[in-house]
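Read-outs throughout are calculated quantities, based only on the coordinates presented, and are distinct from any laboratory measurement. Nothing here was measured: the structure is a model prediction, and the numbers come from that model. Here Cβ is always computed from backbone atoms with ideal geometry, including for glycine, and neighbour counts include all displayed protein chains.
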Amino acid sequence: MSDLTRTGRTAAVIPAAGRGVRLGPGAPKALRTISGTPMLIHAVRAMAAARAVSLVVVVAPPDGAPEVKHLLDAHALPERTDYLVVPGGETRQESVRRGLDALPDAVTTVLVHDAARPLVPVDTVDGVIEAVRDGSPAVVPALPVADTVKQVEPRAKGEPEPVTATPERALLRAVQTPQGFDRDTLVRAHEAFAAVSGDGATDDAGMVERLGAPVVVVPGHEEAFKVTRPLDLVLAEAVLARRRANDGF
Ligand code: CTP
Ligand code: MG
């Protein structure tokens, strides 16, 4: 507990305001269910499972905040965990910024976690928090990549694309969430790059890198995959079925 006092509170910001275009027609992605429970609720529980997390800020679809509040009220969270709901923005970057704006002063460590990664194990979350508390201002869970990755000159859909580079696979990592930050560092990064147009940053740690602050990678987990396309929902159902079979949960 003395450690907690020294480092201040840890909060998780969960951007959940995306439409889920790649998942296909239906409810906003975060509200789609896996094993009967909305993806967002799985994601909130995954953050609340970490003992250090005392506040969860959910960034809801712009017109969906009342529905999300209602959902959170209806699903039990651990008693030690408070939650807040704020409306999201046009891009993930804007949604995260709105979540950061809602944080109380006492919060010094922030996790940013995609609602679309509902099944991240608590050990991964704890590992990220620990690395921030050990002094890294930005921490990213990641896995080695399985595929070789090519850099190309993009062309119109279907046209052959010239290859410009093949980065050495052993040096590459595929990054996941929750990403963990010293609060002031992340806020500074969002202030510095607020004007970015288009889709904005897809990754908060990338903004911290552009500030020139150090970013480190810690081990991610294959169950922290992002639900993006329809097949990912099949995988998520399978992971939950395996967990139930393994520990009766
Ligand atoms: N997100 C957000 N606000 C946005 C866009 C995305 O809060 N304006 C969130 C999503 O809800 C998701 C996370 O950012 O939890 C990662 O984004 P992604 O997987 O791309 O989700 P969507 O943008 O919803 O999906 P798509 O790109 O297929 O529409
Ligand atoms: Mg998106």
For the range 115-237, what class follows from the C-alpha gyration tensor (a ≥ b ≥ c being the square roots of its eigenvalues): rounded when a/c is under 1.5, otherwise prolate if a/b is larger than b/c, else oblate?
-> oblate
Given H placed 1.01 Å from N in the peptide plane, which residues other than close sequence neighbours of Ala138 have an amide H under 5 Å from its amide H?
-> Asp182, Val216
When ranked by the protection proxy of mean other Cβ atoms within 10 Å per residue, highest first, what sequence do the peptides 202-209, 102-109 form?
-> 202-209, 102-109
Which whole-Hz couplings ³J(HN,Hα) result when phi for each residue of the range 121-127 is put into the Karplus expression 6.51 cos²θ - 1.76 cosθ + 1.60, θ = phi - 60°, listed in order with x for Gly and Pro?
-> x, 4, 4, 5, 4, 4, x
Around Leu55, which amide H atoms from residues at least 5 apart in sequence, or from another chain, sit under 5 Å from its own amide H, with H modelled in the peptide plane?
-> Ala12, Asp82
³J(HN,Hα) computed for each position of the range 9-22 - Karplus, 6.51 cos²θ - 1.76 cosθ + 1.60, integer Hz, glycine/proline x | 7, 10, 10, 10, 9, 10, x, 9, 9, x, 7, x, 4, 6
Please arrange Glu130, Glu90 by counting, for each residue, the other beta carbons lying within 10 Å of its beta carbon, fewest first.
-> Glu90, Glu130
Could you tell me whether the chain comes out rounded, prolate or oblate from its Cα gyration tensor? Rule is a ≥ b ≥ c as square roots of the eigenvalues, rounded for a/c under 1.5, then prolate if a/b exceeds b/c, otherwise oblate.
-> rounded
Pull up the DSSP beta bridges for the chain and report the antiparallel fraction as a percent, rounded to 5.
-> 40 percent
Return the aspartates and glutamates within reach of Lys29: Cα separation strictly under 17 angstrom, same-chain partners fewer than 8 residues apart disregarded; answer none if there are no such residues.
-> Asp63, Glu67, Glu90, Asp114, Asp232, Glu237
When only C-alpha pairs under 8 Å and at least 6 residues apart count, what is the relative contact order of the chain, in percent?
-> 23 percent
Of Arg244, Arg117, how do they rank once you tally other Cβ atoms within 10 Å and put the fewest first?
-> Arg244, Arg117
